C-alpha cells in the first residue's frame, strides 16, 4: 500500500502551483457531489466525495487532504443531522468515520514518507560528502605520486650528471653539463646560472668559461663585480644563500639595487675541505622563482659540482706545470710551438696577419758570469713579467730556451709588429736592474721577426725568424730585424 501511495504521490506531487490547482478542482467537485447527494438522497454520489479525498491527498499533499477531509466530514455531519432514520444516517456516519480514519492514515503515511525522504536526503548528502572527500584524497594522492615521480626523475638526472661530471676534467664541459641539468631540474626558462672558480693569484672569483682579464665579466645577463657582496657573504658563512626577493631581503637592504639585475637567487658555495673553491649561482628576474624542491636539488647539484671543479682545478694546475716554465711562468718551448702552429692555421683560415718574433738578451752569459746565476734568474723573471705587462692577452709569449724568448702577435701586420718590437726593445734598454743596493745595470734586447705568409709552414717561420735574430746580433745587437728586411741578402 505504501509503495502504491508513494508512486502516486510522487507522480502527482510536482509543484505548489499544481497542488493548489488540483485542490481547488477537488473542493469544487466535492461540494457539488455532496450537494447532489443531499438533494437527491443518493449515497453513491456522496461516496464520490470520498474518492476525491484520496485525489486531493495525492495532488495537494497532507495539508490539502486535511482541509478537504474536514469539509467532507462536516458535510456528512450535516447530512446525518438532516436525515431521518438510521437507514438514511448510516451511510453518512460510515463515510465520516472512513474519512477520519483515512485522513489519519494518510497523514501518518506522509509523515513517514517525510522521515524516509529526509533520511534518504541525509544519506545522499553524506554520500556526496564522502565522494568529495574521496575525490580530494585521490587528488592529493595523485599529486603526491606526481611529485614523487618528479623527484625520482630529478634524482636520475643528478645520477647521470654525477657520472658525467666525474668523467670530465674540462671546466667548459662542466658548465655544459650543469646547463643541461638545470633545464631539466628547474624547468624555468627565466633562470640563468654562472659557475665561478676561485683564483689564488688575484684573490677573486672568475667565470669558469671566460678569460680572467675580460672586463666586464659576465654570463648572460649576470655581471660579476670585484668585491661582490653576495660572494663575500658566501665566503664568510660557507653555506647556501637563498634570496627569494632581493628587494625584500633584510640581509642586503643597504645595497644599491641599480646594479642588481635579478630578483631571486640561489648561490651554492663549492667547498673542498674548509676552502671555497668556487660558487654556483642560479638567478631569475622573477621573485620567488625557486621553491623548496629546487633548493634541495640545486644544493645536491652543487655538492656534485664541487668535486668535479676540484678535479678540474687540479688537472689545470698539473697541466700548467707541464706547459709553463717554472721560473718565468711563460709557456715552455714545446707548448708554445704547438700554439704557434694553431695560430698559423687560424691566420690562413681567416686571412689575417700574424707576426712571430724571437727575442734574445744581449750579453746574458757575461751578466751571468759576472753577477751570478741568481741575478741571471732575476733578469729572466723580469723580462717575462715585462713582456706580459706590455703585450695583449691574445698574444702568445713563451720562453724559447736559455735567454731566448718568443712572441706571436695575431691580427698584426708588418708595420704593427715592427712598432711593438721596437717599443719592447727601446723601453727595456732604459730599465735599470738592481744588482744590489748600490749597483744597477742596463741590458738590451736583440729581436728577429717575420710576418708569416699564407703558405709558410711552421718550421719555415721559426727558421727565418731565427736568421733575422742572428742578423740583429751580428750587426751590433740592441736591434730589431725582420726577415722581410734581409730576405734579398739571405
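The values are calculated or read from the model by the stated rules, or taken from the named source; none is laboratory data. These figures come from a predicted structure and were not determined experimentally. So basically every Cβ, Gly included, is an ideal-geometry build from the backbone, and we count neighbours across all protein chains shown.
Residue count for segment 241-261 satisfying the condition of being closer than 18 Å to residue 303 by Cα and assigned to a loop (DSSP other than H, G, I, E, B): 0.
Would you point out the residue of segment 262-285, among those that are outside any strand (DSSP E or B) and exposed (fewer than 14 other Cβ atoms within 10 Å of the Cβ), that is nearest to the chain's Cα centre (by Cα)? Among those residues, the one meeting the criterion is 285. No other residue among 327, 314, 301 is surrounded by fewer than 19 Cβ atoms within 10 Å (Cβ to Cβ), at pLDDT below 95, in contact with a helix residue (DSSP H, G or I) (Cβ under 8 Å, 6 or more places away or on another chain) and not assigned by the TED database to the domain that holds residue 472 apart from 327. Looking for something farther than 30 Å from residue 439 by Cβ, assigned by the TED database to the domain that holds residue 427 and without any contact (Cβ under 8 Å) to a residue 60 or more places away in the chain - is there at least one such residue anywhere in segment 363-385? Taking every residue of segment 363-385 in turn, none turns out to be farther than 30 Å from residue 439 by Cβ, assigned by the TED database to the domain that holds residue 427 and without any contact (Cβ under 8 Å) to a residue 60 or more places away in the chain. Here residue 418 qualifies as crowded, with 17+ Cβ neighbours inside 10 Å, in contact with a strand residue (DSSP E or B) (Cβ under 8 Å, 6 or more places away or on another chain) and closer than 20 Å to residue 362 by Cα.
Is it the case that segment 365-374 has a residue that's over 20 Å from residue 429 (Cα atoms), in contact with a strand residue (DSSP E or B) (Cβ under 6 Å, 6 or more places away or on another chain) and surrounded by 12 or more Cβ atoms within 10 Å (Cβ to Cβ)? Looking for residues that are over 20 Å from residue 429 (Cα atoms), in contact with a strand residue (DSSP E or B) (Cβ under 6 Å, 6 or more places away or on another chain) and surrounded by 12 or more Cβ atoms within 10 Å (Cβ to Cβ), one finds none in segment 365-374, hence no. Considering (1) outside any helix (DSSP H, G or I); (2) at pLDDT 95 or above, the lone condition that residue 454 does not fulfil carries the number (2).
Scan segment 383-402 for residues that are buried (at least 16 other Cβ atoms within 10 Å of the Cβ) and not in a strand (DSSP E or B) and the total you get is 6. Which condition number does residue 433 fail, the rest of (1) surrounded by 21 or more Cβ atoms within 10 Å (Cβ to Cβ); (2) farther than 18 Å from residue 338 by Cα being met? Result: residue 433 fails condition (1) only. Screening residue 452 on (1) crowded, with 17+ Cβ neighbours inside 10 Å; (2) within 19 Å of residue 401 (Cα to Cα) shows it passes everything except condition (2). If you take the residues in segment 323-344 that are assigned to a helix (DSSP H, G or I) and in contact with a strand residue (DSSP E or B) (Cβ under 7 Å, 6 or more places away or on another chain), which one is nearest to residue 453 (Cα to Cα)? Among residues in segment 323-344 that are assigned to a helix (DSSP H, G or I) and in contact with a strand residue (DSSP E or B) (Cβ under 7 Å, 6 or more places away or on another chain), the one nearest to residue 453 (Cα to Cα) is 344. Is it the case that some residue within segment 304-322 is in contact with a strand residue (DSSP E or B) (Cβ under 6 Å, 6 or more places away or on another chain) and within 22 Å of residue 480 (Cβ to Cβ)? Among the residues of segment 304-322, not one is in contact with a strand residue (DSSP E or B) (Cβ under 6 Å, 6 or more places away or on another chain) and within 22 Å of residue 480 (Cβ to Cβ), which makes the answer no.
Here's a check for you: in segment 223-232, which residue that is crowded, with 16+ Cβ neighbours inside 10 Å and farther than 25 Å from residue 311 by Cβ is modelled with the highest pLDDT? Applying the filter and picking the extreme gives 230.
Could you tell me which numbered condition residue 445 fails, if it satisfies all but one of (1) without any contact (Cβ under 8 Å) to a residue 24 or more places away in the chain; (2) closer than 29 Å to residue 323 by Cα? Result: residue 445 fails condition (1) only. Could you tell me which residue of segment 123-176 is modelled with the lowest pLDDT, considering only residues that are closer than 23 Å to residue 296 by Cα and touching a strand residue (DSSP E or B) at 6+ places or on another chain (Cβ under 9 Å)? Looking at the filtered set, the residue picked out is 175. Apart from one condition, residue 357 fits all of (1) more than 29 Å from residue 164 (Cα to Cα); (2) part of a helix (DSSP H, G or I); the exception is (2).
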